[in-house]
Amino acid sequence: MSKSLCIIGLGYIGLPTAAVFAKAGWDVTGVDINPLVVEKINQGNIHIEEEGLEDVVKVAVGKKKLRAQLVPTFADCFIIAVPTPINKNYTANIDYVLQATKSILPFIKDGNIVIIESTIPPRTMDEQIMPIFQNEGWNVGEDLFLAYCPERVLPGHILAELVENSRIVGGINEHSAMKAVDVYKTFVKGNISITSAVNAEMVKLMENTYRDVNIALVNELVKICDTLQIDALEVIKFANFHPRVNLHFPGPGVGGHCIAIDPYFIIEKARETSILISKAREINNSMPYFVVEKVKRLVPKGDSKIAVFGLSYKGNNGDVRESPAVIIVKMLQKEGYQVAVYDPHVEQSHTEIKLSAFEAAIDDAECLLILTDHKEFNTISEKEIVYLMKSPVIFDTRNCISIKNSQITYYSYGQLPYY
Ligand code: SAJ
């Protein structure tokens, strides 16, 4: 008989995870509080954009290996993959994780394993999750097993990375970790390493913090080079010829629900010692202001029109959470510019910012500001840009397109001259 899984949260991580387990032969029940999400999945459709996911979900639902519902059910294994939003004071809001954990209590049986995948601050497993089960009389680690197993998948490549990437499994004790390994080895091809729950919590946060700090470093380099009139892109390119240097890509800021958020979960627990991590957050948060200052130099203030290409936080993705582009658009509007936004990946229902079609966005615009590196922007019609824009000027904060038409003035980000 196949093993059963009940997974709480059918979002960006939960749904692909549910689909991959179902494909590996598990009987999967996915739980979500949103009835529209449940209905959509049971019809074999999906509510998020992720390469290849719809096909896997369709097949799994068709074969009755995956079903969605509003309440949990009995299962051999429980996985919690609900969001951990950030509070206004930049601390983690773990309410959904705690609620989801409590919601499975009536369905837990002897020998079950409960796995948390949501990103959480260090010691949440030991201090908040484990007591929920202990208070119900469970001898955690003996008759109920508990582990923290963060995912490390890159949006846009989730299905492949869930299978191929190495994984870290943090058990509340060794027995729990071994049980969690048995769960993941049914489909994970990468190495599965075992550690304690608290180490796994910190590993997850540090992976994304490493990225945030490195992005802050190149973003600061762009600012320094701007002051000193040095070509930052050349500097990055040549420094990276060093075998042990890997400068990242500069950009208009860091978005998404992971890298822009996770460092705060460390800062809140060790504020005095998280100096570099806090500064990196400050630098990346300052980048939208830097971009707006550059735009103001390029386009005289007033009610001039600016076409913005890309609203999501990264290329080929429709996710606008924490997107620096959203901040930049709002700042430009506040400055008095007319801003028309074109994003072929973002659905209008996911943002309060009005979206326009390609032609309508560039029509009569004095500057085309690229804020996201969507693949479609590589093939935009240069002819239409020259024909429709009031002045054919492009400022590419992602350095993602190459322009051949000499009638277009193209400014890259980090490269001289800016203006
Ligand atoms: N960015 C830059 N410069 C870079 C790289 C990224 O400005 O050199 C920006 C992007 O444009 C974007 C943001 O940073 O706004 C984050 O994008 P990303 O593609 O680097 O990462 P995410 O948030 O989509 O996914 C990350 C991944 N973490 C790492 O690479 C360490 C992924 O592996 C995690 O699983 C995921 O966070 C998560 O869920 O935590």
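The values are calculated or read from the model by the stated rules, or taken from the named source; none is laboratory data. Given the structure is predicted, the values throughout are model-derived calculations rather than measurements. Cβ placement follows ideal geometry from the backbone for every residue including glycine, while neighbour counts extend to all protein chains displayed.
The table for this structure:
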{"read-out": "Filtered residue count, the range 315-350, keeping only those that are under 17 Å from the mean Cα position of the chain (by Cα), closer than 25 Å to residue 301 by Cβ and of a type outside the set (A, V, I, L, M, F, W, C)", "value": "2"}
{"read-out": "Filtered residues of the range 76-124 (kept if farther than 18 Å from residue 141 by Cα, more than 16 Å from the ligand (Cβ to nearest atom) and in contact with a strand residue (DSSP E or B) (Cβ under 6 Å, 6 or more places away or on another chain))", "value": "100"}
{"read-out": "Hits in the range 222-267 - residues which are among the aliphatic types (A, V, I, L, M) and part of a helix (DSSP H, G or I)", "value": "222, 224, 228, 232, 233, 235, 236, 239, 266, 267"}
{"read-out": "Residue within the range 58-68 that is part of a helix (DSSP H, G or I), out of contact with any Gly (no Cβ under 6 Å at 6 or more places or on another chain) and either surrounded by 15 or more Cβ atoms within 10 Å (Cβ to Cβ) or of a type in the set (Ser, Thr, Tyr) (or both) present", "value": "yes"}
{"read-out": "Pick from the range 69-128, criterion of a type in the set (A, V, I, L, M) and in a helix (DSSP H, G or I), ranking: surrounded by the fewest Cβ atoms within 10 Å (Cβ to Cβ)", "value": "105"}
{"read-out": "Selected residue [at pLDDT 95 or above and surrounded by 15 or more Cβ atoms within 10 Å (Cβ to Cβ)] from 345, 350", "value": "345"}
{"read-out": "Pair list, Cβ < 9 Å and 6+ apart or interchain, from the range 206-220 residues that are within 20 Å of residue 290 (Cα to Cα) to residues that are of a type in the set (Phe, Trp, Tyr) and in a helix (DSSP H, G or I)", "value": "219/290"}
{"read-out": "Subset of the range 7-54 [in a strand (DSSP E or B) and either basic (Lys, Arg) or out of contact with any Gly (no Cβ under 8 Å at 6 or more places or on another chain) (or both)]", "value": "27, 28, 29"}
{"read-out": "Of residues in the range 207-233 being near the ligand (Cβ under 9 Å from one of its atoms) and not β-branched (Val, Ile, Thr), the one farthest from residue 415 (Cα to Cα)", "value": "207"}
{"read-out": "Contacts under 9 angstrom Cβ, first residue in the range 108-119 being more than 21 Å from residue 11 (Cα to Cα), partner among the hydroxyl-bearing types (Ser, Thr, Tyr) and more than 16 Å from the ligand (Cβ to nearest atom), 6 or more apart", "value": "113/176"}
{"read-out": "The range 234-284, subset more than 21 Å from the chain's Cα centre (by Cα) and of a type in the set (Gly, Ala, Ser), residue nearest to the ligand (Cβ to nearest atom)", "value": "239"}
{"read-out": "Residues (surrounded by 16 or more Cβ atoms within 10 Å (Cβ to Cβ), away from the ligand (no atom under 16 Å from the Cβ) and small (Gly, Ala, Ser)) located in the range 129-172", "value": "141, 147, 171"}
{"read-out": "Per-region count, the range 171-225, residues within 14 Å of residue 146 (Cβ to Cβ) and within 20 Å of the chain's Cα centre (by Cα)", "value": "2"}
{"read-out": "Subset tally (residues that are surrounded by fewer than 24 Cβ atoms within 10 Å (Cβ to Cβ) and on the phi > 0 side of the Ramachandran plot) for the range 2-37", "value": "1"}
{"read-out": "Strands (runs of 3 or more DSSP E) (entirely within the range 285-386) containing at least 1 residues that are closer than 24 Å to residue 219 by Cβ, away from the ligand (no atom under 13 Å from the Cβ) and in contact (Cβ under 8 Å) with a residue 40 or more places away in the chain", "value": "305-309, 367-370"}
